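Engineer: Would you mind keeping the following structure in view while I ask a few things?
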Amino acid sequence: MVSASVARNIIGIIGNVISFGLFFSPAPTFYKIIKQKSVEEFKPDPYIATVLNCAFWVLYGMPFVHPNSLLVVTINSVGLVIEFVYLAIFLIYATNKGRKKVSILLLSEAIFFATIILITMLALHGSKRRSLIVGIVCDVFNVMMYVSPLTIIAKVIKTKSVKYMPFWLSLANFLNGVCWTTYALIHPFDIYVLISNSIGVVSGLVQLILYASYCWRGENNDDNTTEVQLSQRPRDLEA
């Protein structure tokens, strides 16, 4: 019989694979930027937000904050590197105004992140207290990323078309949430991974139900949907 720890690791590895796919999904967009040598109307905001989200989950998974969270650290470390690559490409081809905006936002994030680290390490003692503060911050950012695709619902209902809601991305979001929710429920129980990812399951399910409701109308050609923003996926998870 498979032990709880082995089952948890297997689920976590599957979650890592799905999350990696979500992190990597915008690659065609950045290939287009490199090919055209221009960012055009591309918005870097979701990627900037994902940098901070990944950074906090990496901090959360550290042994001195929340032990037994190696798989949380691995995928978010990879995600952090991927996001920095995306932003580096943006900075190379953006206008001076665009570079300035990204630089200011990244600096603001660095200051905020450093502040949380100092509070966590100097004012809080013990993994329980540290997990509480960092876990809450992680959940806030992760929930925002999970529910952000729901903003497109009004457009889908109004146009009666799902071409702006890619099926495979919605499915991946749902499966990602299911994996990490299952991971959190297996001993050792992780309430902070559970909270945001269970919301992710609901968010993904709503998207799939909406897709099923309108896809039969035949207005689901997504050829014009060339840009897949990270705001359309969770991206923990993240954890």
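Engineer: Can you tell which of Thr115, Thr151, Thr74 is at pLDDT below 95 and either in contact with a Ser or Thr (Cβ under 9 Å, 6 or more places away or on another chain) or hydroxyl-bearing (Ser, Thr, Tyr) (or both)?
Structural biologist: Unique residue meeting the criteria: Thr151.
Engineer: Hey, among Ile119, Ile136, Ile152, which residue is out of contact with any Cys (no Cβ under 7 Å at 6 or more places or on another chain) and open to solvent by less than 60 Å² (accessible area, probe 1.4 Å)?
Structural biologist: Ile152
Engineer: So which residues in segment 17-52 are within 17 Å of Ala172 (Cβ to Cβ) and touching a residue at least 60 places away in the same chain (Cβ under 8 Å)?
Structural biologist: Ile18, Ser19, Gly21, Leu22, Phe23, Ser25, Pro26, Pro28, Thr29, Pro46, Thr50
Engineer: A follow-up question, please. Only one residue in Leu91, Leu107 is over 18 Å from Tyr183 (Cα atoms), touching a Lys or Arg at 6+ places or on another chain (Cβ under 9 Å), part of a helix (DSSP H, G or I) and open to solvent by 30 Å² or more (accessible area, probe 1.4 Å). Which one?
Structural biologist: It is Leu91.
Engineer: Looking only at segment 26-68, count how many residues are assigned to a helix (DSSP H, G or I) and over 30 Å from Leu118 (Cα atoms).
Structural biologist: Matching residues across segment 26-68 total 10.
Engineer: What are the residue pairs meeting all of these: first residue in segment 116-135, first residue in contact (Cβ under 8 Å) with a residue 40 or more places away in the chain and at negative phi, second residue charged (D, E, K, R) and in a helix (DSSP H, G or I), Cβ atoms under 6 Å, and 6 or more apart or on different chains?
Structural biologist: If the second residue must be charged (D, E, K, R) and in a helix (DSSP H, G or I), the pairs left are Thr120/Arg130.
Rundown of residues vs (1) more than 17 Å from Val140 (Cα to Cα); (2) aliphatic (A, V, I, L, M), yes/no style:
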{"residue": "Lys32", "(1), (2)": "yes, no"}
{"residue": "Lys35", "(1), (2)": "yes, no"}
{"residue": "Ser38", "(1), (2)": "yes, no"}
{"residue": "Pro44", "(1), (2)": "yes, no"}
{"residue": "Leu91", "(1), (2)": "yes, yes"}
{"residue": "Asn96", "(1), (2)": "yes, no"}
{"residue": "Arg99", "(1), (2)": "yes, no"}
{"residue": "Ile117", "(1), (2)": "no, yes"}
{"residue": "His125", "(1), (2)": "yes, no"}
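Engineer: Just to check your reading of the model, which residue among Trp216, Trp180, Trp168 is open to solvent by less than 30 Å² (accessible area, probe 1.4 Å) and either among the aromatic types (Phe, Trp, Tyr) or modelled with pLDDT of 85 or more (or both)?
Structural biologist: Residue meeting the stated conditions: Trp180.
Engineer: Those residues that are touching a Pro at 6+ places or on another chain (Cβ under 9 Å) and among the hydroxyl-bearing types (Ser, Thr, Tyr), I need them from segment 168-210; list them, please.
Structural biologist: Ser170, Ser196, Ser203
Engineer: Moving to a separate point now. Could you tell me whether any residue of segment 69-85 is of a type in the set (Phe, Trp, Tyr) and either in contact with a Leu (Cβ under 6 Å, 6 or more places away or on another chain) or in a helix (DSSP H, G or I) (or both)?
Structural biologist: Yes.
Engineer: Let me ask you something else. Answer with yes or no whether Val85 is open to solvent by 10 Å² or more (accessible area, probe 1.4 Å), of a type in the set (A, V, I, L, M, F, W, C) and at pLDDT 95 or above.
Structural biologist: Criteria met by Val85.
Engineer: Can you tell me which residues in segment 37-80 are among the polar types (S, T, N, Q) and either open to solvent by less than 10 Å² (accessible area, probe 1.4 Å) or in contact with an Asp or Glu (Cβ under 7 Å, 6 or more places away or on another chain) (or both)?
Structural biologist: Thr50, Asn53, Ser69, Asn76
Engineer: Of all residues in segment 183-213, which are crowded, with 17+ Cβ neighbours inside 10 Å, of a type in the set (S, T, N, Q) and over 16 Å from Thr151 (Cβ atoms)?
Structural biologist: Residues satisfying the conditions are Ser196, Asn197, Ser198.
The values are calculated or read from the model by the stated rules, or taken from the named source; none is laboratory data. Quick caveat: nothing in here was measured; it's all calculated off a predicted structure. FYI the Cβ positions are ideal-geometry reconstructions off the backbone, even for glycines, and counts take in every protein chain you see. All accessible areas refer to the heavy atoms of the entire protein, side chains included, with ligands and DNA or RNA removed. Shrake-Rupley method; radii C 1.70, N 1.55, O 1.52, S 1.80 Å.
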